[in-house]
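Participant: Sharing a structure, written as C-alpha cells. Questions coming.
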C-alpha cells in the first residue's frame, strides 16, 4: 500500500476504535494519546549515536518515498523514538499504519544494540 496525499479534503482522523482494529498490523508499535491526539510510537536502542543517525536516514528514505513524515527523536546518545500521526488532520489515518509497517520492515538490526539474552 502507499500513503495518500494529506491535502485531500475528505481525509479525517480515524476513531480510536478503528485505530485499535489496525493495531495488530503494527504490533511492535504502541498507540498513545497526547493532548487529545492519537499517535503511533515505537522505541529502539541503537549501538551508538552515529548508528542512530544511520537509522534515521533509512527511515527518512521511506518517509520521503511515501510523502509522509514521522517525528524522529534521538534521546541521549542511543535511544530512538519515532512517533507517527497525520499532522494535517490532528490524529491517525491509514497513512500512519502504512508508514509504521514499512518502517518495521526495514532491515536495521545491525544498527541496534543487543539485549541481554539475545543470540547471534
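The values are calculated or read from the model by the stated rules, or taken from the named source; none is laboratory data. Predicted, not measured: the structure shown is a model, and the values here were computed from it. Cβ: placed from backbone, ideal geometry, glycine included. Neighbour counts: every protein chain shown.
Participant: In the list 75, 32, 59, which residue meets the criterion of being modelled with pLDDT under 95 and in contact with a strand residue (DSSP E or B) (Cβ under 8 Å, 6 or more places away or on another chain)?
Facilitator: Just one listed residue meets the conditions, 75.
Participant: For the range 75-95, give me each residue that is within 19 Å of residue 28 (Cβ to Cβ) and either surrounded by 22 or more Cβ atoms within 10 Å (Cβ to Cβ) or free of Cβ contacts under 8 Å to residues at least 60 places away in the same chain (or both).
Facilitator: 75, 78, 79, 80, 81, 82, 83, 84, 85, 92, 95
Participant: Let me ask something else. Hey, among 75, 62, which residue is within 24 Å of residue 111 (Cα to Cα) and touching a helix residue (DSSP H, G or I) at 6+ places or on another chain (Cβ under 6 Å)?
Facilitator: 62
Participant: Pairs needed: first member in the range 2-24, closer than 15 Å to residue 36 by Cβ; second member anywhere, surrounded by fewer than 13 Cβ atoms within 10 Å (Cβ to Cβ) and modelled with pLDDT of 85 or more; C-beta distance under 8 Å; at least 6 residues apart or different chains.
Facilitator: These pairs meet every condition: 16/33.
Participant: Then there is this: So residue 67 ticks every box in (1) more than 11 Å from the chain's Cα centre (by Cα); (2) more than 28 Å from residue 10 (Cβ to Cβ) but one. Which box is left unticked?
Facilitator: It is condition (2) that residue 67 fails.
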